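The values are calculated or read from the model by the stated rules, or taken from the named source; none is laboratory data. This structure is a prediction, so every number in the text was calculated from the model and none was measured. Cβ atoms come from the backbone with ideal geometry, glycine included; neighbour counts cover every protein chain shown.
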Amino acid sequence: MELNLSSENLKQQWKTNKRFKLGVYIGGGVIAAIVVYLGYRQLIWAPADTKANDGWWIALNYIEKDSTDQAIKVLVPFVKKYDGHIGGEIGQFLLATQYMKKGEFAKSLDQLEGVSVNDTYLSTMSIGLQGDCLSELKKYGDAAKKYEEAANANENDFTSPMYLFKAGLHAELAKNYEDATEYFTRIQDDYPDYGNQKTIEKYIARVASVKSN
């Protein structure tokens, strides 16, 4: 069955189709693994920040148990106390993910904008999650630009095409068809394996059809 990729259909899919939304939000499931890896590395390489790591480890335990409110209760004062430390920045990232789980996307976006880390992967994920928050706030054009920023932050064959695909979908939702074409075409040209998986030609053709009408 052909997928209807009109802007109205995309908006309807976004509101009602949980599988569609989950597919667009690929990558969220690796957040905890990335954070654990970063925390371990920082505990080994930066012992001076050990105290600043204790709090987010406690919060992560609650997160793994889906105790979102408890995690937030731990993280809010922790982030305030250790802002600027490595552990504090990781804690701020985790706090943002918990606000997202509660549907408090404006709060999450505020936290994510304050995350400052040298690690490329966590930084990229933070930018991408900002795009997710903007999407939930129905700021589709802003979300597309944020996804583009995430795609360019650490160019690789996994996150770059994933975020370009999100950028294309959201540019189309915002009726920015020129941008959508650019994002989808870049996937086709630079990330052909991902493009084949997504049958990206259909998206390019659909946007071209809308542009010509």
(message) Between a residue in region 148-176 that is on the phi > 0 side of the Ramachandran plot and any residue that is in a helix (DSSP H, G or I), which pairs come within a Cβ distance under 8 Å, given they are 6 or more apart or on different chains?
(response) 175/7
(request) Give me a count of the residues in region 190-213 that are on the phi < 0 side of the Ramachandran plot and assigned to a loop (DSSP other than H, G, I, E, B). (result) 3
(request) Please tell me if residue 189 is among the acidic types (Asp, Glu) and either in contact with a strand residue (DSSP E or B) (Cβ under 6 Å, 6 or more places away or on another chain) or closer than 30 Å to residue 82 by Cα (or both). (result) no
(request) Being buried (at least 24 other Cβ atoms within 10 Å of the Cβ) and over 19 Å from residue 190 (Cβ atoms) is the filter here, so list the residues in region 137-166 that pass it. (result) 143, 146
(message) Kindly evaluate residue 80 against the criterion of being at pLDDT 90 or above, exposed (fewer than 15 other Cβ atoms within 10 Å of the Cβ) and within 17 Å of residue 112 (Cβ to Cβ).
(response) yes
(request) Starting from residues that are within 18 Å of residue 108 (Cβ to Cβ) and under 20 Å from the mean Cα position of the chain (by Cα), keep the ones in region 60-70 and report whichever is surrounded by the fewest Cβ atoms within 10 Å (Cβ to Cβ). (result) 66
(request) Looking at (1) more than 24 Å from residue 120 (Cβ to Cβ); (2) in a helix (DSSP H, G or I), find the lone condition where residue 187 falls short. (result) (1)
(request) Looking at (1) touching a Lys or Arg at 6+ places or on another chain (Cβ under 9 Å); (2) among the aliphatic types (A, V, I, L, M); (3) more than 30 Å from residue 211 (Cβ to Cβ), find the lone condition where residue 150 falls short. (result) (3)
(request) Go through region 96-146 residue by residue and tally those that are without any contact (Cβ under 8 Å) to a residue 24 or more places away in the chain and either touching a Ser or Thr at 6+ places or on another chain (Cβ under 8 Å) or of a type in the set (Ser, Thr, Tyr) (or both). (result) 1
(message) Could you tell me how many of the residues in region 128-165 are assigned to a helix (DSSP H, G or I), at pLDDT below 95 and charged (D, E, K, R)?
(response) 2
